[in-house]
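What follows is a single structure, written as structure tokens, with notes after it.
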Amino acid sequence: MSEREINITVGQVTVSAALNDTETAAAIWDALPIEASANTWGDEIYFGIPVSAGEELGQEVVDLGDLGYWPPGSAFCMFFGPTPMSRGDEIRPASPVTVIGRMHGDVTVLKRVPSGASVLIERA
């Protein structure tokens, strides 16, 4: 794991995270800071970012706390529970994502974030 530590502020909630060593994560790191408007989809927050990348080691199911990049929407995704596509307790994105990092701590605080909340991703 790299030392690419970030803070993500969504509405009134801030979580810390680390980006991994994928090429996609490196491109996102280079684009920081990023501001956006949050969308929610089940227990996922996602938003478009100014990074365009293809699928890199795409995953159909992710882990609680994972950060993903969704190529079809050039979107940054924060996973903190099941989505409408999930079966059982799994966390399933709409389609495969590149896992680009992982959030630290209790990510369920993100359940309080409304759609439309402002987002800021910055280097820690």
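The values are calculated or read from the model by the stated rules, or taken from the named source; none is laboratory data. Everything numeric in this text was worked out from a predicted model, so none of it was measured. All Cβ positions, glycine included, derive from the backbone under ideal geometry; neighbour counts span all protein chains shown. Note: areas computed on protein heavy atoms with side chains; ligands, DNA, RNA excluded. Shrake-Rupley method; radii C 1.70, N 1.55, O 1.52, S 1.80 Å.
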Item to complete: Could you check GLY81 against (1) open to solvent by 10 Å² or more (accessible area, probe 1.4 Å); (2) more than 18 Å from THR24 (Cα to Cα); (3) free of Cβ contacts under 8 Å to residues at least 60 places away in the same chain and say which number it fails?
Response: (1)
Worksheet item: Looking at ASP106, ASP89, ASP30, ASP66, which is the one that is over 14 Å from the mean Cα position of the chain (by Cα) and either modelled with pLDDT under 95 or surrounded by 18 or more Cβ atoms within 10 Å (Cβ to Cβ) (or both)?
Response: ASP89
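This table checks each residue for (1) farther than 11 Å from GLU44 by Cβ; (2) of a type in the set (Gly, Ala, Ser); (3) in contact with a Ser or Thr (Cβ under 9 Å, 6 or more places away or on another chain).
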{"residue": "PRO93", "(1), (2), (3)": "no, no, yes"}
{"residue": "VAL99", "(1), (2), (3)": "yes, no, yes"}
{"residue": "GLY105", "(1), (2), (3)": "yes, yes, yes"}
{"residue": "THR108", "(1), (2), (3)": "yes, no, no"}
{"residue": "ALA124", "(1), (2), (3)": "yes, yes, yes"}
Practice prompt. Considering each residue of the stretch 1-16, count those that are surrounded by 17 or more Cβ atoms within 10 Å (Cβ to Cβ) and either more than 11 Å from PHE76 (Cβ to Cβ) or without any contact (Cβ under 8 Å) to a residue 60 or more places away in the chain (or both), and give that number.
Written response: 2
